[in-house]
């Protein structure tokens, strides 16, 4: 009987497996993202994120020094993911198709439920936590700049009337897409479906492409 009990409590030798620094970072970002989205910036604490991630606050403080820096870590990760999504799919072969794909990727970033929740939280808490607002706006600017660069690169081999400014065209397209986000933020029952976001993006893109009136691509 004693041997059976000892067999049950017997544990493997050696130390338990330790997460790598990268694994800890990924787990921390995932947990912090969930807590920020569910509790808002004001309601989020390092302790709450630690519980969600299943790690100690000491481990978190080895990565970030405070809540503002934790949010920045989450925002930077979202930027990297967002910019990667702006790349043109390999199966897109036309200029118009590439612009449509770019706009759709951007639209799903800002009009998806996560994007709207982030914007809504900033609107509600920006006066109390200006660092929250500043980090958010910095993230938005970085993604917008990436969008503009890709938009211009896609259209750089096309010829247009002399009065066409591709940077202004990119800004116009982003502004039209962003207009729907402002409405979504103020609508507490908003639920952005993929099909509705794509339809809105395509409508904005078709308007922008028509306004550009591109001539035949150079060399085509």
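The values are calculated or read from the model by the stated rules, or taken from the named source; none is laboratory data. Model, not experiment: these values are computed from the prediction. Glycine gets a Cβ as well: all are built from the backbone with ideal geometry, and neighbour counts include every protein chain shown.
Odds and ends about this structure:
- Counting only residues that are over 23 Å from residue 154 (Cβ atoms) and free of Cβ contacts under 8 Å to residues at least 24 places away in the same chain, segment 68-89 holds 1 of them.
- Qualifying residue in segment 128-140 (condition: more than 30 Å from residue 66 (Cβ to Cβ) and loosely packed, with under 11 Cβ neighbours inside 10 Å): no
- Exclusive hit being under 22 Å from residue 81 (Cβ atoms) and either in the same structural domain as residue 117 (by TED's automatic domain parsing) or part of a helix (DSSP H, G or I) (or both), set 154, 209: 154
- Filtered residue count, segment 162-191, keeping only those that are within 17 Å of residue 207 (Cβ to Cβ) and in a loop (DSSP other than H, G, I, E, B): 2
To keep it simple, each residue is scored yes or no on (1) surrounded by 11 or more Cβ atoms within 10 Å (Cβ to Cβ); (2) at pLDDT below 80.
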| position | (1), (2) |
| --- | --- |
| 177 | yes, no |
| 185 | yes, no |
| 188 | no, no |
| 195 | no, no |
| 203 | yes, no |
| 207 | yes, no |
| 213 | no, yes |
| 217 | yes, yes |
| 220 | no, yes |
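- Residue ID - modelled with the lowest pLDDT, chosen from residues in segment 1-46 that are assigned to a loop (DSSP other than H, G, I, E, B) and surrounded by 10 or more Cβ atoms within 10 Å (Cβ to Cβ): 19
- Condition check for residue 105: buried (at least 19 other Cβ atoms within 10 Å of the Cβ), within 23 Å of residue 144 (Cα to Cα), free of Cβ contacts under 8 Å to residues at least 24 places away in the same chain and in contact with a helix residue (DSSP H, G or I) (Cβ under 9 Å, 6 or more places away or on another chain): yes
- Filtered residue count, segment 81-97, keeping only those that are within 17 Å of the chain's Cα centre (by Cα) and loosely packed, with under 12 Cβ neighbours inside 10 Å: 2
- Only one of the numbered conditions (1) surrounded by fewer than 20 Cβ atoms within 10 Å (Cβ to Cβ); (2) in a helix (DSSP H, G or I) is violated by residue 121, and that is (1).
- Residue 64 falls short on exactly one of the conditions (1) under 21 Å from the mean Cα position of the chain (by Cα); (2) modelled with pLDDT of 90 or more; (3) outside any loop (DSSP other than H, G, I, E, B), and that condition is (3).
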